[in-house]
Each structure stands twice: as structure tokens, then as C-alpha cells.
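Scroll down for the structure; my scribbles are underneath it.
The values are calculated or read from the model by the stated rules, or taken from the named source; none is laboratory data. Computed from a predicted structure; not experimentally measured. Neighbour counts run over all protein chains shown; Cβ positions are idealised from the backbone, glycine included. Heavy atoms of the whole protein, side chains included, go into the accessibility calculation; ligands, DNA and RNA do not. Shrake-Rupley method; radii C 1.70, N 1.55, O 1.52, S 1.80 Å.
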There are 2 protein chains.
Amino acid sequence: ARCQNLAREDPNLFFRQLFDRESCTYTYLLADPKTRDAVLIDPVLECLDRDLEMIDEYGLVLKYAMNTHCHADHITSTGMMKTKLDGFCSVLSATYEGAKADVKVKHGDCIYFGDRFVEVRATPGHTGGCLTFVLDDHSMAFTGDALLIRGCGRTDFQSGDAALLYKSVWGQIFSLPAHCRLYPGHDYKGRQVTTVWEERLHNTRLIKGEDEFVNIMKNLNLPKPARIDVAVPANMKCGVQDDE
Amino acid sequence: ARCQNLAREDPNLFFRQLFDRESCTYTYLLADPKTRDAVLIDPVLECLDRDLEMIDEYGLVLKYAMNTHCHADHITSTGMMKTKLDGFCSVLSATYEGAKADVKVKHGDCIYFGDRFVEVRATPGHTGGCLTFVLDDHSMAFTGDALLIRGCGRTDFQSGDAALLYKSVWGQIFSLPAHCRLYPGHDYKGRQVTTVWEERLHNTRLIKGEDEFVNIMKNLNLPKPARIDVAVPANMKCGVQDDE
Ligand SMILES: [Fe+2]
Ligand SMILES: [Fe+2]
């Protein structure tokens with residue numbers, strides 16, 4: 001084995017958070033330190049070489065590369081990764097019609113890596129097929145763009161629905177234990193992690209009532225995401241673009 | 001109290017890593033979760049509001065704002081912070097001649113926050129006054145630019161000395177426990193943390209012999225840091241620039 005015993009860093013979970021400076025996207029690498037089975041959440045096409053190098057250097061066996069949702073601001077690397085690494089499955093929500101992925105998951109499904117798993121929770125609202133991945137012991141959750149640190153993803157395209165997002169966050173994320181660490185899909189201010197208690201206290205949008213939240217989201221007047229016309233169709237096919 | 005019991009997240013240490021996208025600088029916030037006494041390592045002027053907001057939201061009492069070294073690529077916020085927050089001391093190495101800071105530290109000093117402390121280790125080579133801060137239990141170290149992930153800081157200005165850097169890294173950092181987490185001053189590829197074992201295995205520069213390392217560092221041919229003429233004199237005075 002090229003690597004030291006990963007279990008000595010933390011006997012229960014090997015974990016790394018990675019950042020794409022261009023799109024401010026976070027990618028997450030989780031592994032069972034004993035079996036070295038791993039999952040990768042929201043990998044970015046431009047960071048493919050970095051991510052493959054880490055998997056190699058840590059001696060991990062990638063089982064699943066999964067997207068929290070069909071992204072509008074960057075292209076996923078899961079399709080291109082399949083041309084460079086064998087033995088893993090791409091994962092996307094079964095909700096998106098016409099989407100291609102090896103495994104299409106729905107609310108309540110579990111995704112296993114070694115002796116650990118993440119639970120799939122449907123948290124629609126930013127897009128219709130947004131998922132939150134909750135670690136088996138409820139110590140961590142990966143919220144994609146459903147919940148961002150002190151904010152949330154926009155709700156004005158891709159079947160976005162502010163009232164639905166509000167219900168998703170309160171029902172599926174804020175109901176987790178107060179000290180569950182929440183890892184977002186993006187952060188634009190260099191913050192990396194939050195917790196349920198922090199967001200229930202300081203998320204100025206989501207601690208409002210539902211009607212006020214819907215109103216705030218209706219009046220954001222954000223510009224159209226620069227890459228949406230390329231990124232969304234590509235991400236429906238794991239980031240592999242049509243040549244047609 | 002505005003905040004939940006921070007000890008429930010981790011009873012021994014409250015920890016956040018923050019990133020400045022512009023200069024790719026990492027800032028670190030550490031606190032004793034019981035007393036809420038905190039230290040801030042390498043805060044960036046442009047991120048001052050964000051950092052003050054976090055200290056406030058977490059209900060922390062800042063004791064020390066410290067710089068691993070006199071930075072050439074960004075301006076520290078420790079001086080400006082003193083105009084906005086009371087009761088903390090700025091910290092810098094005693095090595096820099098003419099530098100101003102409330103506390104000038106040297107190798108072997110300890111900086112206390114609540115029941116915890118960091119130990120100051122002199123790790124010169126990138127600059128003459130570079131420090132590494134090692135957490136009391138040797139589970140974490142903050143290496144500034146002495147050691148970067150799979151790399152190290154340049155050694156061609158500010159009393160830089162490649163042979164000295166090599167001795168600093170091997171003597172003071174690579175001698176820490178294999179699973180000690182190393183937190184760098186920067187990363188340009190979106191990575192956040194490494195460990196002693198990883199760098200002893202995969203740091204292609206530093207695992208070479210000393211002569212080869214010195215030769216590599218001599219031939220990097222890097223451009224002069226864009227902000228060095230402004231940043232270095234300012235950082236000698238905690239980031240407060242002269243008006244003269
Ligand atoms: Fe998104
Ligand atoms: Fe530096």
C-alpha cells in the first residue's frame with residue numbers, strides 16, 4: 001500500500017473538502033478509512049485531474065460520484081471521469097426527466113461506501129431534483145444549493161419553487177441535530193461549513209416566515225447564470241456534451 | 001448568550017478555516033468551546049467584516065490575532081481590526097527588525113486561549129521570521145508558507161533561504177506525528193489540509209535531498225509578487241499603512 005493507515009487520522013471517516021475557485025463550487029470526498037471505499041460529491045470538470053490525483057494518493061477505491069443536482073453554473077466531471085477511472089457509478093436524482101446516470105436515486109435511498117452510507121433526502125426548490133446527502137450518523141449533511149451558508153440557492157429557473165424550498169429546508173435539513181455540520185454546494189465568501197443551529201439562528205432568509213421568504217426570493221433580480229445553456233444540458237448527461 | 005453551546009460540536013476545540021479567493025490565503029479561527037476565548041491566524045484586510053461577523057455570531061472573545069509571517073501577497077487585518085474590536089493583541093515574530101505588534105513572539109513561546117494553547121515554532125526560510133503554530137496536543141499545525149500542500153513558499157525575497165527552509169520543515173514540521181493535520185497559509189488548487197504523512201510521501205520538492213531542494217528553489221523563476229512593495233511595509237505595522 002502506498003499510503004499510511006487512513007484510520008489513524010479519524011477511525012470512522014476519511015474526509016476532504018475541495019474548492020473550485022472559478023465557480024466557487026465545493027466537492028467532497030468521503031471514505032471508509034478501513035476499506036478505503038469512497039464517494040465523491042459534486043466534482044467539477046475543470047478539477048478532474050486534481051480529484052483523480054487525490055483518490056490515487058490516498059489509495060481510495062471510488063464507488064460513487066454523485067451530484068446533488070443538475071448544476072447550472074459548472075459542468076460535472078462524473079462523465080469524463082468514467083473515461084479515466086473504472087469501477088464507479090455516477091449518481092443523480094431520478095426526478096430529472098431524460099437525465100442519464102448509472103444510478104438514479106430517490107428520497108430514502110442509501111448509498112453505501114464500505115461500512116458507511118449516506119441517506120438520500122429529496123430537497124427540491126432550487127431545482128426539482130435537488131438532493132441532500134445525510135451521513136449515516138447525522139453528523140454531516142451535504143446540502144447542495146438547497147441550503148447555503150447564511151443563504152440558499154436561487155429559485156427562479158429549472159423548476160425552482162421558493163415555497164417548496166422553504167419546506168425542504170425546514171423539513172429535511174433544519175430537523176437534523178443542532179450540531180450536524182452542513183456542507184454547502186457553494187460559498188462565495190470563503191466560508192466552508194455551517195451547522196443546523198447556526199442557520200436556524202443566523203440565516204436571515206430562511207428564519208423568516210414562508211410568505212416573507214417567498215417574497216424575498218421573488219425579488220432577488222439575479223442575472224441569468226452565465227453558463228446555464230451549456231451546463232444544464234451537459235449535466236443531464238454527467239457532463240458529457242453532445243457533438244451534434 | 002446568542003449562541004448554542006459550542007462544545008457540542010466538538011468538546012475540545014471550536015475550529016473554522018476561511019479562504020480569501022483573491023490572494024488564496026487561509027485564515028484560521030480557533031477557540032476553546034467552553035470559555036469561548038479565541039485566536040485568529042493570518043486574517044486578511046479585505047475579509048475583515050466577514051471575520052468580525054463570525055466572531056460575533058459565534059459569541060467568541062478574541063484574545064490574539066496573529067500572523068505566521070510578514071506577508072508579501074496580501075495585507076493583514078490585525079491593525080484595522082483594533083479600530084473595530086477591543087481586548088485582543090496582535091502577534092508577530094520578534095525576528096523582524098522594526099516590526100510593530102502588541103506581542104512579539106519567539107520559538108518556544110506559548111499563546112493561550114482558554115484552556116488551550118498553540119506553541120510557537122520558528123520555521124524560517126520563506127522569510128526570516130516565519131512561524132509555525134502547533135496546537136498543544138500536536139493534532140494540528142498552522143504552517144504559514146513554510147509548508148504548502150505538496151509544495152512550499154518561495155525563498156527568493158525577504159531573507160528567503162532555501163537550505164534554511166529545508167531544515168525548518170524537516171526539523172519542526174515533518175517531525176510532528178504522522179497524522180498531525182497541517183494547515184497551510186495558501187492553496188491555489190482548492191485543497192484545504194494535509195498531514196505529515198502525506199507530505200513526507202508526496203511533497204515532490206521536500207522529499208528530495210537538501211542540495212536538490214535548494215537547486216529546485218533556485219530555478220523557479222517566479223515573477224515578483226504583485227503587491228510586495230505595499231504589503232510588506234504595511235504588514236510590518238499590522239497592516240496599517242503610513243500616510244506619508
Ligand atoms: Fe445549483
Ligand atoms: Fe508569504
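Within the stretch B:35-49, track down each residue that is under 18 Å from the mean Cα position of the chain (by Cα) and either under 19 Å from residue A:190 (Cα atoms) or within 14 Å of ligand 2 (Cβ to nearest atom) (or both).
Of everything in the stretch B:35-49, those that are under 18 Å from the mean Cα position of the chain (by Cα) and either under 19 Å from residue A:190 (Cα atoms) or within 14 Å of ligand 2 (Cβ to nearest atom) (or both) turn out to be B:39, B:40, B:41, B:42, B:43, B:44, B:45, B:46, B:47, B:48.
Suppose we filter B:42, B:37, B:32 for residues that are within 16 Å of residue B:117 (Cβ to Cβ) and surrounded by 23 or more Cβ atoms within 10 Å (Cβ to Cβ); which single one remains?
B:32
Tell me, which residue of the stretch A:129-170 that is small (Gly, Ala, Ser), away from ligand 1 (no atom under 12 Å from the Cβ) and in contact with a strand residue (DSSP E or B) (Cβ under 8 Å, 6 or more places away or on another chain) is most open to solvent (accessible area, probe 1.4 Å)?
A:139
Consider residue A:99 against the criteria (1) in a loop (DSSP other than H, G, I, E, B); (2) modelled with pLDDT of 95 or more; (3) of a type in the set (Gly, Ala, Ser): it satisfies all of them except one. Which criterion is unmet?
(2)
Being farther than 20 Å from residue B:173 by Cβ, open to solvent by less than 30 Å² (accessible area, probe 1.4 Å), within 14 Å of chain A (Cβ to nearest Cβ) and more than 16 Å from ligand 2 (Cβ to nearest atom): is that true of residue B:57 here?
yes
Within the group A:129, A:108, which residue is more than 14 Å from chain B (Cβ to nearest Cβ) and more than 21 Å from residue A:27 (Cβ to Cβ)?
After ruling out the rest, the residue left standing is A:108.
What is the one condition in (1) away from ligand 2 (no atom under 16 Å from the Cβ); (2) open to solvent by 50 Å² or more (accessible area, probe 1.4 Å) that residue B:88 does not satisfy?
Of (1) away from ligand 2 (no atom under 16 Å from the Cβ); (2) open to solvent by 50 Å² or more (accessible area, probe 1.4 Å), only one is false for residue B:88: (2).
Please report, ordered by residue number, the helices (runs of 4 or more DSSP H) entirely within the stretch B:159-244 with at least 2 residues that are farther than 26 Å from residue B:48 by Cα. Break it down into steps so the answer makes sense when it comes.
On the way: elements: B:162-168, B:196-202, B:210-218, B:228-235.
Those helices (runs of 4 or more DSSP H) span B:162-168, B:196-202, B:210-218.
For the stretch A:68-84, enumerate the residues that are in a loop (DSSP other than H, G, I, E, B) and open to solvent by less than 50 Å² (accessible area, probe 1.4 Å).
A:68, A:69, A:70, A:71, A:72, A:73, A:74, A:75, A:77
For residue B:6, which of the numbered conditions (1) modelled with pLDDT of 95 or more; (2) open to solvent by less than 10 Å² (accessible area, probe 1.4 Å) fails to hold?
Among (1) modelled with pLDDT of 95 or more; (2) open to solvent by less than 10 Å² (accessible area, probe 1.4 Å), residue B:6 violates only (1).
If you take the residues in the stretch B:1-32 that are aromatic (Phe, Trp, Tyr) and under 16 Å from the mean Cα position of the chain (by Cα), which one is nearest to the other protein chains (Cβ to nearest Cβ)? Working first, answer last.
Step one: of the stretch B:1-32, the residues aromatic (Phe, Trp, Tyr) are B:14-15, B:19, B:26, B:28.
Then keep just the ones that are under 16 Å from the mean Cα position of the chain (by Cα); that gives B:15, B:19, B:26, B:28.
On the way: B:15: 10, B:19: 4, B:26: 9, B:28: 11 Å.
Among them, the one singled out is B:19.
Is it the case that some residue within the stretch B:9-16 is of a type outside the set (A, V, I, L, M, F, W, C), modelled with pLDDT under 95 and within 14 Å of residue B:135 (Cβ to Cβ)?
Within the stretch B:9-16 (the criterion being of a type outside the set (A, V, I, L, M, F, W, C), modelled with pLDDT under 95 and within 14 Å of residue B:135 (Cβ to Cβ)), the answer is yes, since at least one residue qualifies.
Quick check: anything in the stretch B:193-210 open to solvent by 20 Å² or more (accessible area, probe 1.4 Å), modelled with pLDDT of 95 or more and in contact with a His (Cβ under 9 Å, 6 or more places away or on another chain)?
No.
Scan the stretch A:81-111 residue by residue and report those that are within 19 Å of residue A:61 (Cβ to Cβ) and either of a type in the set (A, V, I, L, M) or under 16 Å from the mean Cα position of the chain (by Cα) (or both).
If the condition is that a residue be within 19 Å of residue A:61 (Cβ to Cβ) and either of a type in the set (A, V, I, L, M) or under 16 Å from the mean Cα position of the chain (by Cα) (or both), then A:81, A:85, A:89, A:90, A:91, A:103, A:110, A:111 are the ones that fit.
Mind checking which residues of the stretch B:29-67 are within 15 Å of residue B:231 (Cβ to Cβ) and either in contact (Cβ under 8 Å) with a residue 60 or more places away in the chain or not in a helix (DSSP H, G or I) (or both)?
B:42, B:43, B:44, B:45, B:67
Does at least one position in the stretch A:218-226 carry a residue that is over 20 Å from the mean Cα position of the chain (by Cα), surrounded by fewer than 20 Cβ atoms within 10 Å (Cβ to Cβ) and within 9 Å of another protein chain (Cβ to nearest Cβ)?
No; the residues of the stretch A:218-226 include none that is over 20 Å from the mean Cα position of the chain (by Cα), surrounded by fewer than 20 Cβ atoms within 10 Å (Cβ to Cβ) and within 9 Å of another protein chain (Cβ to nearest Cβ).
Would you check if residue A:113 is away from ligand 1 (no atom under 16 Å from the Cβ), in contact (Cβ under 8 Å) with a residue 12 or more places away in the chain and open to solvent by less than 40 Å² (accessible area, probe 1.4 Å)?
yes
Please go through the stretch A:176-192 and give me each residue that is facing chain B (nearest Cβ under 9 Å) and open to solvent by less than 10 Å² (accessible area, probe 1.4 Å), ordered by number.
Across the stretch A:176-192, the qualifying residues are A:187, A:190.
So residue B:174 clears everything in (1) within 18 Å of residue B:17 (Cβ to Cβ); (2) under 19 Å from the mean Cα position of the chain (by Cα) except one condition, right? Which one?
The failed condition is (1).
Report every pair of residues separated by at least 6 positions or lying on different chains whose Cβ atoms are under 6 Å apart, first residue within the stretch B:6-28 and under 14 Å from residue B:144 (Cα atoms) and among the charged types (D, E, K, R), second in a helix (DSSP H, G or I) and open to solvent by 20 Å² or more (accessible area, probe 1.4 Å).
The qualifying pairs do not exist here.
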